[in-house]
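The values are calculated or read from the model by the stated rules, or taken from the named source; none is laboratory data. Just so it is clear, the structure is predicted and the values come from calculations on it, not from any experiment. Neighbour counts are summed over all protein chains in view; Cβ atoms, including those assigned to glycine, are modelled from backbone coordinates with ideal geometry. What goes into the accessible areas is simple: the full protein's heavy atoms, side chains included, and nothing from ligands, DNA or RNA. Shrake-Rupley method; radii C 1.70, N 1.55, O 1.52, S 1.80 Å.
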Amino acid sequence: MGTESYTGKINRKMGKKLRIVEVAAGREKADLVLKNAAYVNVFSNEICHGDIAVAEGLIVGMGTYSGETEVDVAGRIVLPGFIDAHIHLESAMVSPQEFVKAVLPHGTTTVITDPHEIANVMGADGIEYMLQATEGLPVDVRFMLPSCVPSTPMDESGAVLDYRTIDSFYDHPRVQGLAEMMNYPGVIGADPQVIEKIVAAQAHHKKIDGHAPGLVGNDLNAYIAAGVYSDHECSDPADAIAKLERGQFIMIREGTAAHNLEALLPLLTEKYAERCMFCCDDKHPSDLLEKGHIDYNVREAIRRGVDPIVAVKVACHHAARYFLLNNRGAIAPGYLADFVVIDDFQQFHILQVFKKGVEMYDGKEVKGFQAPEIDPYLSNRAHDTFHVAHLTAVDFAERRPRGIIGMVPGEIVTEDQGYSDHIDVEWDVLKIAVIERHKKTRHIGIGYLQGYGLKRGAVATSVSHDSHNIIVVGANEEDMAAAANRIVENKGGIVVMEDGQVKGEVILSIAGIMSDDTLENVNHALEQAKEAAFRLGVSKEIDPFMTLSFMSLPVIPTLRLTTRGVIDVMTQQYI
């Protein structure tokens, strides 16, 4: 049976290959021909002209061809499909299917995702859930396996993933490597548990991505020498060039939480661009709907003076080469027929998007596609991730002095603002708590927050990187308890509470971080909740929820709050 199955597979592949050769040679009609195309040639760095022929989902040739379907693209420019080199799909707050509907109109045909958000909630089941939820979608979703679950030993997530737990996933055909190694102190300090994850990935001949903001000198040398190949945390050219000079690839990030494109534009020159690619890291619903995806990065780069062909190559070809996706990122024989058709480089309006030679976006709407099937066990598990006892104001009534986390406008880094033992709205000192929600431990870390601006009520969210415990900030303990209880009742999401009344909420019932609803509906609820938070006094200079979601991540300086208390990130000590 095995021999017959193998033989059948070979015969099918032979049939396809023979037809590809026949079409390429002009002896048979193509499935699709883009007639009179002007297309970006990423190898010769120029605009070339000719028909582009497609058969069996592949580009088979450029020149003069006829096809069963012919599309005249005269006066337009054809580009390879865009690739996002690093994103957490969960950040869009919707299912992978909805994410794909959102990014296809922006020319994205491949993304490299790190599912560490859902893995922090569900462990290996979270990775499997995302693999199943992305199978066969018209955007090719490739995976980097989470390297830091939890982000550090100081955090308390729903699972602990060592190298043995994730090792079998390397055999999956859509797994490219090990995702961002956020625990750079563990790498530099030669922590055996950290190093063994790198060694295991290398044993599978996989890529290892980095996350090392501001690392310099011998510490940077040690980090790279350990086997970390890229970085997406650069915010200034000097940092990026230092890493690039040592052999790392630089992912230029322009997302919702971090905006590094403008600062790193000097890299997009002949000297450095070959080792650069675009990524978003995190993309919230409003950003996807209003700005776009990788097309926004390309459009902005061109507008600011970057050579259009360089910008296009950074958006597709370089990431394909880095991740060894050797059949995409170019318009050439043998490459996937993933196309983006635009009007011109100045306006950069996307008119059509093709995936494997099938038009998936016609300038008006995304063509329908079938949702992947998810194992019922995984689906049920994803919708039952809250294990928290009912909370009251007493749970937040600790009166001894706690550290004050000082927010920095426009940044996700924080400052040490001393201590407080009470809420003082006049001085913008609010109580903040992180509630362990995975294992019913009743662990609640309490601290204070300055710079948020809330005058009344409370704001809570279960999107709290990376452990995704419940984080709540309030002007009084009663509303803090009510907001947290509402999160549990909804099986996840965001809540704005005043005097025990819900003023705004977003329901995120998939692992407490994603919604079953459409992107448009989630965005509408999110914007209404933001307005409710602003009415309660939250500073309009910040995103009420995105900013809050980073206050519990113990790998970003200076102070953070975990389920066990306020932590100094630089010393990894509780204060």
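Annotation: average projected area of the chain is 26.2 square nanometres, based on the convex hull of Cα atoms across all directions. The three principal axes of the Cα atoms in region 289-388 give end-to-end lengths of 52, 35, 32 Å, sorted in falling order.
In this calculation the C-beta distance from ASN327 to ARG400 is compared with R0 = 60 Å, giving a FRET efficiency of 0.50. Under the simplified labelling scheme, the HIS204-VAL21 pair shows an inter-label distance of 3.5 nm, with each label point 7 Å from Cα along Cα→Cβ. Once you treat every alpha carbon in region 25-141 as an equal point and sum by Debye, what is log10 I(q)/I(0) at q = 0.09, 0.15, 0.17 Å⁻¹? The Debye formula, applied to the Cα set alone, gives -0.36, -0.78, -0.88. The simple Förster model, with R0 at 45 Å and r as the Cβ-Cβ distance, assigns HIS383 and GLN573 a FRET efficiency of 0.75. Using the 1.4 Å probe convention, the accessible area of the chain works out to 38 Å² per residue with neighbouring protein chains retained. Under the convention that each Lys and Arg Cβ holds +1 and each Asp and Glu Cβ holds -1, the size of the dipole of the chain around its Cα centre is about 1160 debye. Alpha-carbon geometry of region 170-249: the Rg and the Dmax are 12.4, 37 Å, given in that order. For the pair LYS13 and ALA225 in one chain, pulling the backbone fully straight at 0.36 nm per residue adds 72.2 nm over the alpha carbon distance.
Restriction of the GluC sites (Glu not before Pro) in region 482-575 to DSSP coil positions whose beta-carbon has at most 12 other beta-carbons within 10 angstrom yields GLU541.
Pop out the carbon and sulfur fraction of the accessible area of the chain as a percent, whole number, probe 1.4 Å. Looking at the chain in its full context, I get 50 percent from C and S. Placing a pseudo-label 7 Å from each Cα along the Cα-to-Cβ vector at ALA238 and HIS49 gives an inter-label distance of 4.8 nm. Per residue of the chain, the DSSP helices (runs of n ≥ 4 H) give a summed -39500 (n - 2.57) that works out to -8000 deg cm²/dmol at 222 nm.
Between region 25-71 and region 236-267, the alpha-carbon centres lie 35 Å apart. Per residue, the average separation of C-alpha pairs within less than 8 Å and at least 6 apart gives the chain a relative contact order of 14 percent. Take the alpha-carbon centre of region 198-228, take the same for region 378-416, and report the distance between them in whole Å. Centre-to-centre distance over Cα atoms comes out at 31 Å.
Taking all Cα-Cα distances within region 475-523, those exceeding 13 Å account for 54%. Derived value for region 441-575: Kirkwood hydrodynamic radius 14.9 Å. Basis is the mean of 1/r over every pair of different alpha-carbon atoms. In the structure shown, the pairs LYS367/LYS503; LYS355/LYS540; LYS440/LYS503; LYS16/LYS243 are assessed against 32 Å; a Cα-Cα span above that value is assigned to LYS367/LYS503; LYS355/LYS540; LYS16/LYS243. Using 0.36 nm per residue, how much length does the chain from SER5 to VAL413 gain when fully extended, once their Cα-Cα distance is taken away? Result: 141.3 nm gained on full extension.
By how many nm would the segment from LYS367 to GLU135 grow when fully extended, if each residue of separation counts as 0.36 nm and the alpha-carbon distance is taken off?
81.8 nm
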